[in-house]
Every structure is written in C-alpha cells, then in structure tokens.
Amino acid sequence: MSVVDLSPGSGQLARAALSEEVVYHGFTANVAHQHFVQNVVDTHAVSVITQQGSSLYQSDLAGLIKELYSDLLNKEGDEQDDPGDATMSEGES
C-alpha cells in the first residue's frame, strides 16, 4: 500500500504513514514547503526509532537518541497531543 499526497500541508499524513509503515509520496508547493514537511517527517522518524516494536527501532541508536535529543522527543510528544502546533512559520508559505 502507498499514499500519494498532492497537498501535504503540515505533514501530518506523512507522519501517520511513517508510523503505519506505509510508503508515502508527497508533492509540495515549493522548496520551503518541501523542507518544512521533511523536517516534520525527520523529527517524527527520530521519535519512531525510539519506540520498541517499530520496524525502525534499534536499541543502541534509541538509547543514544534518548540521551542526546530528549528535548526534541519531548517536543514531538507534545505535537502528537496537539498536531495543530506543527505549522509553517511566517515566510515559509
């Protein structure tokens, strides 16, 4: 299964696809939008790597990520609670 997204917006569908191990193809409006969505997905991937049971999980890597990027993981957890926080900053639209 795969998803083709012609309007990826804030990247929430891309995050969901990553979590569910679904192939995702998103077409962004411009380079700034591409970078924004890529950052959203990269941040989520770091979080998924630390979750036991995930296909991306690696115990050694998860330990290092938790140690070095705990602030990023905490922010990612907050955004999962309120996904509306993942918005592009002014000038990125």
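Derivation of every value follows stated rules applied to the coordinates shown; laboratory data play no part. Predicted model, so just to flag it, every value in this text is computed and none were measured. All Cβ positions, glycine included, derive from the backbone under ideal geometry; neighbour counts span all protein chains shown.
Computed values, structure above
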| read-out | value |
| --- | --- |
| Gyration tensor (alpha-carbon) shape descriptor, the stretch 23-62, a/c threshold 1.5 | prolate |
| Using θ = phi - 60° and Karplus 6.51 cos²θ - 1.76 cosθ + 1.60, couplings along the stretch 52-58 (whole Hz; Gly, Pro as x) | 4, x, 6, 5, 8, 5, 9 |
| Restricting the stretch 1-82 to GluC sites (Glu not before Pro) in coil, as DSSP defines it, with at most 12 other Cβ within 10 Å | GLU20, GLU21 |
| Amide H partners (placed H, <5 Å) of ASP5, local residues excluded | HIS25, GLY26, PHE27 |
